[in-house]
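Have a look at the structure below, then the notes.
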Amino acid sequence: MATGSIEIIKMLKEIAEKEVNSATEALADAMKVADEAQSKYDMLVEYQKDYGKNLKKSLETGIGAQAYQNFHSFFSKLDQAVKGQLEMLETAKRHVQLQKRHWKESQRKKLSYEVLEQRQDTRQTKQLLKKDQQLMDEFAMRVGRKAQSNIEKR
């Protein structure tokens with residue numbers, strides 16, 4: 001490969017590294033959002049359980065129709081909030097999976113360029129060694145000829 005090809009591979013590798021960094025940040029952000037959504041969901045479910053226990057205690061001790069209606073209305077709204085938060089959690093989890101796929105793809109691309117770069121470096125090293133060997137052989141031949149020439153002159 002020509003020197004231009006080497007530079008292109010290095011440039012593509014650098015771009016791929018930037019993509020990996022960007023994908024890593026996006027994945028971290030998505031995971032943070034998912035964790036927050038999970039925490040909010042867990043909190044709402046716990047609150048829903050506690051509120052249900054309070055309703056049960058109130059029903060056992062006796063509760064007025066208006067208070068029961070208020071409990072029921074609030075419980076219904078709380079149930080809607082739990083369902084809404086569950087939808088947000090599921091969306092956040094899907095986004096995490098999407099970002100994981102994107103990160104893996106960008107990582108794979110970066111590794112591909114690294115392999116190409118390593119192959120090019122190996123190829124270049126072999127060419128240099130071959131050239132060095134040719135120079136050494138040529139030098140040895142000259143030295144040998146010169147020595148032979150000196151022997152013949154005596």
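What follows is calculated from the coordinates using simple rules that are stated; it is not laboratory data. Quantities reported herein were computed from a predicted structural model and do not represent experimental measurements. Because the Cβ atoms are built from the backbone with ideal geometry, glycine has one as well, and the counts that use them run over all protein chains shown.
Result for the chain in a Gaussian network model with C-alpha springs under 10 Å: among A28, A16, A140, the largest mean-square fluctuation is at A140. Hull volume per residue, based on the alpha-carbon atoms of region 69-154 and their convex hull, is 53 Å³.
For a protection proxy built on the mean count of beta-carbon atoms within 10 angstrom, sort 81-93, 51-63 highest first, please.
Details: 81-93: 15.2, 51-63: 11.5.
Peptide ranking by packing, descending: 81-93, 51-63.
Residues of region 116-138 with an amide N closer than 20 Å to a point placed 7 Å from the Cα of R145 along the Cα-to-Cβ direction: 131-138. Over 19 Å apart at the Cα level, from the set K18/K110; K10/K130; K53/K77; K56/K83; K40/K77, are K10/K130; K56/K83. Residues considered: S73, S39, S22. Largest GNM mean-square fluctuation over the chain, using C-alpha springs under 10 Å, is found at S73.
I want to check the label-to-label distance for K40 and D79. Put each point 7 Å from Cα in the C-beta direction and report it in nm to one decimal. If labels sit at K40 and D79, their model points lie 2.2 nm apart.
The helix-only estimate of mean residue ellipticity at 222 nm for the chain, built from DSSP H runs of length n ≥ 4 each weighted as -39500 (n - 2.57), is -36500 deg cm²/dmol after division by the residue total. Between S5 and Q120, the simple label model (points 7 Å from Cα in the Cβ direction) yields a spacing of 0.9 nm. Rounded to the nearest 0.05, what FRET efficiency do D132 and K18 give with R0 = 35 Å and r taken as the Cβ-Cβ distance? Could you check? Efficiency computed from Cβ-Cβ geometry: 0.45.
Any chance you could list P(r) for region 3-154, counting all Cα-Cα pairs in 5 angstrom bins from zero, rounded to whole %? For region 3-154, the binned pair fractions read 2, 8, 9, 9, 7, 7, 7, 6, 6, 5, 5, 5, 4, 4, 3, 3, 2, 2, 2, 1, 1, 1, 1, 1, 0, 0, 0 percent. Largest GNM mean-square fluctuation across K18, K126, K40, computed for the chain with C-alpha springs under 10 Å, falls on K126. With the charge dipole of the chain set up from +1 on Lys and Arg Cβ and -1 on Asp and Glu Cβ about the Cα centre, the Cα lying farthest toward the positive end among the listed residues Q107, N54, L135 is that of L135.
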